[in-house]
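Nothing in this text is a laboratory measurement; each read-out follows from the coordinates by a stated rule. Since we're looking at a predicted model, the values are computed, not measured. A quick note on method: Cβ atoms are made from the backbone with ideal geometry, for glycine too, and the neighbour counts reach across all protein chains shown.
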Amino acid sequence: MTGSNLEMRLQKLEDLTAIQQLKARYCLYADDVDKAQEFADLFTADAVLDEGEDFMMLHGSDEILAMHHALWPHIKLNQHFAFSPIIEIDGDQATGHWRLFQLTTVAGDNGVDQAFWSCGWYDEKYLRVNGRWKMREVVARVHFACPYEDGWAKTPFGEFLSREVLDTVKKKIKEAL
């Protein structure tokens with residue numbers, strides 16, 4: 001084994017670990033009302049966070065920061081679990097595919113909170129910026145996002161946030177920019 005081959009293998013392992021840590025921080029900061037800036041700092045300045053046309057598409061770390069602030073008044077609990085990563089590294093760029101399981105409590109309009117569970121996946125693109133891996137694109141999709149009481153067989157797609165609340169969140173994002 002040559003020195004350069006060993007160095008390349010070691011670099012790949014370090015990159016894999018760094019990207020896994022990046023995703024772990026994504027989950028940790030997404031789930032903490034007080035970590036909006038830390039969450040936004042995980043992304044490149046021109047990043048895309050694509051949560052689907054029916055939910056939200058964000059462009060740039062500034063919009064992502066504004067989303068974090070605007071969304072949390074409507075969320076009581078958020079717990080992301082990302083697992084089973086498939087990560088491919090090509091120099092200073094990489095891609096990742098992760099499975100998602102998420103538990104969320106949404107603040108109810110009528111004072112009655114509602115629990116949801118979601119299952120889906122992430123497809124991501126990463127970029128090494130000044131020696132640090134960042135998220136360049138995150139595409140998130142769900143197989144189901146259902147009320148806890150109903151389960152995915154009865155109500156696979158419940159109303160996570162009402163259209164009115166979602167419109168309010170989007171308005172607050174625009175106002176923040």
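Count the lysine pairs in the chain whose Cα atoms lie under 15 Å apart, taking only pairs 8 or more positions apart in sequence or on different chains. Present the calculation step by step, with values, prior to reporting the outcome.
Numbers: Lys23/Lys35; Lys23/Lys125; Lys23/Lys134; Lys35/Lys76; Lys125/Lys134.
Final tally of qualifying lysine pairs is 5.
Determine the calculated [θ] at 222 nm for the chain from helices alone, applying -39500 (n - 2.57) to every DSSP H run no shorter than 4 residues and normalising by the residue count; nearest 500 deg cm²/dmol.
Counting only the DSSP helices, I get -11000 deg cm²/dmol.
If you build the convex hull over the alpha carbons only and average its shadow over all orientations, what do you get for segment 136-177? Give it in nm² to one decimal.
So the Cα hull casts an average projection of 4.3 nm².
Between Ala115 and Glu7, how many nm apart are label points set 7 Å from Cα along the C-beta direction?
It works out to 5.4 nm between the two label points.
Just to verify a number: FRET efficiency for Lys171 and Asn130, C-beta to C-beta distance, R0 = 22 Å, to 0.05?
The formula returns an efficiency of 0.05 here.
How far is helix 61-71 tilted, in degrees, relative to the longest principal axis of the Cα atoms in the chain, given as a value from 0 to 90 rounded to the nearest 10?
With both axes taken from Cα atoms, the answer is about 30 degrees.
If r is the Cβ-Cβ distance from Leu28 to Met57 and R0 is 35 Å, what FRET efficiency results, to the nearest 0.05?
The pair Leu28/Met57 has a calculated efficiency of 0.90.
Quick one: helix 163-176 against the long Cα principal axis of the chain, what's the angle to the nearest 10°, folded into 0 to 90?
50
Under a point spin-label approximation (7 Å from Cα along Cα-to-Cβ), what is the Ser162-Gln37 distance to one decimal in nm?
Calculated label separation equals 3.4 nm.
Translational diffusion coefficient of segment 3-176 at 4 °C, 1.567 mPa s, Stokes-Einstein with Kirkwood Rh over Cα pairs, in µm²/s as a whole number. Write out the running numbers ahead of the final one.
Details: Rh = 17.0 Å.
The diffusion coefficient I find is 76 µm²/s.
Against the longest alpha carbon principal axis of the chain, how many degrees, from 0 to 90 and to the nearest 10, is the axis of helix 3-30 turned?
Result, in degrees: 10.
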